[in-house]
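J.: Let me give you the structure first, and then I'll get to my questions.
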Amino acid sequence: ALERTFSIIKPDAVAKNAIGAIYNRFESAGLRIVASKMVHLSKEKAEGFYAEHKERPFFGALVSFMTSGPVMVQVLEGDNAVVRHREIMGATNPAEAAAGTLRSDYAASIDENAVHGSDAPESAAREIAYFFSDEEICPRTR
Ligand code: CMP
């Protein structure tokens, strides 16, 4: 089914100057970028985004990392976009990520793991709305 998913290129990958290389992976896999912007997250914005992890031991480090530099946030559209995007990213822990995935190629550790992607269509809808208004999303007509 035609789906949308939400994607973040995290501060480590932005610092590696890998935005274009990562966008190329998305497009080569048939995902279309239908919204995109660079933002430097505030502590409050990052805490709200990761609210489900608030009680986890890594929450403080996660928020600190995600606010350490600018990120790229984007909406990707395509057939089966949520799963397709997760396949491109690879496992959360780069030590377990398959060769050729983004985490395998760009991530140094589970804490600094280059990219984020929605885990289901429901979380995708929530995460997209957390960063983008309807007018900022541009479905393709050609
Ligand atoms: P992400 O998909 O952005 O969602 C939460 C992030 O927390 C995750 O990627 C990891 O970068 C980070 N994290 C750190 N430790 C863990 C852990 N033990 N389990 C899951 N996520 C972790």
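What follows draws every value from the coordinates through simple rules; no lab data is involved. Just so you know, these numbers come straight off a predicted model, no measurement behind them. Glycine also receives a Cβ, built like all others from the backbone with ideal geometry; neighbour counts cover every protein chain displayed.
J.: What strands (runs of 3 or more DSSP E) completely inside segment 1-114 contain at least 2 residues that are in contact (Cβ under 8 Å) with a residue 40 or more places away in the chain and touching a His at 6+ places or on another chain (Cβ under 6 Å)? Write out each step before concluding.
T.: On the way: elements: 2-9, 32-39, 71-79.
Output list reads 2-9.
J.: Could you please find all residues in segment 91-110 being near the ligand (Cβ under 9 Å from one of its atoms) and of a type in the set (A, V, I, L, M, F, W, C)?
T.: Ala107, Ile110
J.: In addition: Mind listing whichever residues of segment 84-104 are more than 16 Å from the chain's Cα centre (by Cα) and on the phi > 0 side of the Ramachandran plot?
T.: Initial filter on segment 84-104 (more than 16 Å from the chain's Cα centre (by Cα)): 95-96, 98-100.
The one that is more than 16 Å from the chain's Cα centre (by Cα) and on the phi > 0 side of the Ramachandran plot: Gly100.
J.: Let me ask you something else. Considering segment 73-118 alone, what residues qualify as being more than 24 Å from Lys45 (Cβ to Cβ) and of a type in the set (Val, Ile, Thr)?
T.: Answer for segment 73-118, where residues must be more than 24 Å from Lys45 (Cβ to Cβ) and of a type in the set (Val, Ile, Thr): Val83, Ile88, Thr101.
J.: Right, another one. Looking at segment 115-142 only, could you name the residues that are hydrophobic (A, V, I, L, M, F, W, C) and either at positive phi or part of a loop (DSSP other than H, G, I, E, B) (or both)?
T.: In the first step, residues of segment 115-142 are kept if they are hydrophobic (A, V, I, L, M, F, W, C); the result is 115, 120, 124-125, 128-129, 131-132, 137-138.
Those that are hydrophobic (A, V, I, L, M, F, W, C) and either at positive phi or part of a loop (DSSP other than H, G, I, E, B) (or both): Ala120, Phe132, Ile137, Cys138.
J.: If I go through segment 44-86 residue by residue, how many of them are surrounded by 15 or more Cβ atoms within 10 Å (Cβ to Cβ) and small (Gly, Ala, Ser)?
T.: So the count comes out to 4.
J.: Can I ask one more? For segment 87-135, enumerate the residues that are small (Gly, Ala, Ser), surrounded by 18 or more Cβ atoms within 10 Å (Cβ to Cβ) and out of contact with any strand residue (DSSP E or B) (no Cβ under 8 Å at 6 or more places or on another chain). Even if it seems obvious, please write down each step before you answer.
T.: Our first condition is that a residue be small (Gly, Ala, Ser); within segment 87-135, this holds for 90-91, 95, 97-100, 104, 107-109, 114, 117-118, 120, 123-125, 129, 133.
Adding the requirement that they be surrounded by 18 or more Cβ atoms within 10 Å (Cβ to Cβ) leaves 90, 97, 107, 114, 117-118, 124.
Answer for segment 87-135, where residues must be small (Gly, Ala, Ser), surrounded by 18 or more Cβ atoms within 10 Å (Cβ to Cβ) and out of contact with any strand residue (DSSP E or B) (no Cβ under 8 Å at 6 or more places or on another chain): Gly90, Ala97.
J.: Are any residues in segment 10-43 charged (D, E, K, R) and surrounded by fewer than 17 Cβ atoms within 10 Å (Cβ to Cβ), and if so, which ones?
T.: Within segment 10-43, the first condition is being charged (D, E, K, R), and the residues that meet it are 10, 12, 16, 25, 27, 32, 37, 43.
Selection gives Lys16, Glu27, Arg32, Lys37, Lys43.
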